[in-house]
Each structure stands twice: as C-alpha cells, then as structure tokens.
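Nothing in this text is a laboratory measurement; each read-out follows from the coordinates by a stated rule. Remember, it's a predicted structure, so these values are computed and weren't measured experimentally. Methodologically, a virtual Cβ is constructed for each residue, glycine included, from the backbone with ideal geometry; neighbour enumeration extends over all protein chains shown.
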Amino acid sequence: MKYSIIIPCYNEEASLGGLIARLAPLQSRYDLEYVLVENGSKDGSRRYFKENIENKYPKISVVYVDVNKGYGYGLQQGMKAAKGDYVGWIHADLQIAPEELIPFFDFLENRKTDENVFLKGRRSNRGLFDVFFTVGQTVFDSLLFSAKLSDIGAIPVLFSRHLIEELNIDDMPNDFSIELYVYKEARLRNYLIRRFKVTLEKRGKGASSWNHGLRSKIRQSRVIFSDSLKIRRGEKVL
C-alpha cells in the first residue's frame with residue numbers, strides 16, 4: 001500500500017454518504033486506502049458506519065473510538081491502523097475536497113528519490129480574520145520552535161511513514177494541534193517540505209464541532225497558542 005489517508009468523523013452522519021461518494025474515484029488512480037475513524041460520535045454515525053460502510057468497500061477500513069477524546073486522538077488511532085508508505089489526513093466535512101490530494105499524490109508518483117517528505121496544504125479563499133490569526137500563530141510557532149513554519153493547521157497533510165515510526169504516536173496531541181506537532185517534527189528532522197494550494201469550500205451538511213463564529217475562533221486560537229507552549233515543554237496535549 002502506497003498511500004493511507006485518515007479521515008476522523010465526529011457527528012458527521014449527514015455528510016457520510018457524500019463523503020464516501022467522493023473517495024472512490026481517487027482509488028482508481030492511486031494505490032490508496034482510506035482509514036475512516038468513527039471518533040466517538042453522539043449522533044447516528046456509528047450505526048451508519050455499521051450498516052453502510054464497514055466491510056462494504058475495498059480499501060476503506062473503519063476504526064471505532066468509543067469515547068471522543070479529540071480530533072488528534074482519532075488521528076492517532078487511524079495512524080495505528082494505516083498501512084501506507086505515506087500517511088496523511090483530511091477532514092470529513094469536505095471543506096477541503098478529497099480531489100485536492102491529487103497534486104500531493106502526483107508529486108510523490110514522479111519523485112526519483114526516497115528522501116523523507118512532508119506535504120501540506122496552502123489554504124486559499126479564506127477570510128481576513130482567519131488569515132490574521134494564522135499569520136500570528138505561524139510567526140509565534142516559528143520563533144518558539146526555531147523552525148520555518150507556514151500556515152499552521154492547514155490540511156491536507158501527507159508524509160513519509162518514517163516520521164510516525166520515529167515518533168511515539170501516543171505522545172501526539174489529542175486535539176487540533178497534532179498538525180503543528182508533526183509539521184514541526186518534520187521540519188526539525190530536515191524532511192523535504194512542500195506546500196500545495198488548496199481551496200477551502202463551504203461546509204455542506206452537518207455542523208462544525210467547534211467553529212460557531214467569531215468568539216469560538218478566538219477561543220480556539222487561544223487553545224492553539226497554549227498547546228504550542230505545552231508541546232515546546234514536552235508535555236502531552238490532552
């Protein structure tokens with residue numbers, strides 16, 4: 001298996017049918033598996049997975065988390081099940097379409113070396129407020145970790161499996177700061193970093209678990225700043 005894409009799903013029952021329909025076309029072009037994580041949802045997601053997804057699609061596996069412990073925790077469980085030479089993730093809400101992974105895959109398909117790589121999105125079509133906080137977070141973390149970082153939190157990400165073999169998956173953050181954690185580790189380990197433009201679309205069905213307006217964005221930004229300091233001190237982010 002060459003590529004493993006993990007998709008944590010939390011209270012995404014309304015979006016699951018549309019998500020599955022968007023995944024299959026890429027599998028006809030690449031040696032690709034999807035690891036869907038039912039991340040302790042409180043809606044009918046688990047029933048939907050059992051009845052409509054589990055064991056019904058080739059190269060789509062399901063991992064179940066009984067109690068939600070955060071987005072990053074779900075990704076950790078997905079990483080433990082992933083079989084690919086390159087491992088990464090996208091969100092289940094389709095704000096970043098699965099098709100945005102095509103330049104990532106094509107870059108790797110055309111490479112002539114086995115150098116370790118870390119690929120991530122460069123988000124476009126974002127509001128001024130979101131860009132402002134991202135720039136502030138990027139400057140802060142670049143100084144904090146003495147590493148050149150860009151667009152903190154941007155997905156998709158896709159990286160050489162060697163990175164998770166070098167790290168302890170259970171030490172990774174349980175929340176959204178997991179992207180920062182693996183990104184800075186790749187940078188500090190001198191992985192080849194490449195970024196690809198991705199378009200952020202409006203969510204179709206379902207609702208965000210955290211983004212409910214300006215106040216929630218400010219609160220989330222404070223959490224990420226706090227998480228950065230915990231990561232720098234070597235603490236586990238819960």
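The figures follow:
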read-out: Point-charge dipole on Cβ atoms (K/R +1, D/E -1) for region 3-232, about Cα centre, debye to 20; value: 640 debye
read-out: Residues whose placed amide H lies under 5 Å from that of Phe159, excluding near-sequence neighbours; value: Val87, Gly88, Leu119
read-out: For region 122-135, Karplus couplings with θ = phi - 60° (6.51, -1.76, 1.60), whole Hz, Gly/Pro x; value: 10, 6, 10, 6, 10, x, 4, 5, 4, 5, 4, 5, 5, 4
read-out: Karplus (6.51, -1.76, 1.60) ³J(HN,Hα), θ = phi - 60°, over region 190-197, in Hz, Gly and Pro reported as x; value: 6, 5, 6, 9, 9, 10, 10, 5
read-out: Whichever lysines have a C-alpha closer than 17 Å to that of Lys69, once near sequence neighbours (fewer than 8 apart) are set aside; value: Lys42, Lys80, Lys236
read-out: Value in Å of the Kirkwood radius, where region 3-232 supplies the Cα pairs that are averaged; value: 18.0 Å
read-out: Proximal lysine pairs, region 97-217, alpha carbons under 21 Å, eight or more residues apart or interchain; value: 10
read-out: Overall Cα dimensions of region 1-123, principal axis frame, Å, largest first; value: 45, 28, 27
read-out: Selected from Asp151, Asp31, Asp106 as most flexible by GNM, with the chain as the system and alpha-carbon contacts under 10 Å; value: Asp106
read-out: For the chain, calculated [θ]222 nm from helices alone, where every DSSP H run of n ≥ 4 adds -39500 (n - 2.57); value: -11000 deg cm²/dmol
read-out: Region 19-36 - phi-based ³J(HN,Hα) in whole Hz, Karplus 6.51/-1.76/1.60, Gly and Pro as x; value: 5, 4, 4, 8, 8, 4, x, 5, 6, 7, 10, 9, 7, 9, 10, 10, 10, 8
read-out: Residue-count net charge about Glu54 - beta-carbon cut-off 13 Å; Lys, Arg +1, Asp, Glu -1; value: +2
read-out: Using a Förster distance of 25 Å, the FRET efficiency for Arg195-Arg29 (Cβ separation, nearest 0.05); value: 0.70
read-out: Loop-resident sites, region 28-76, for trypsin sites (Lys or Arg not before Pro), counting at most 14 other Cβ within 10 Å (DSSP); value: Arg29, Lys42, Lys56
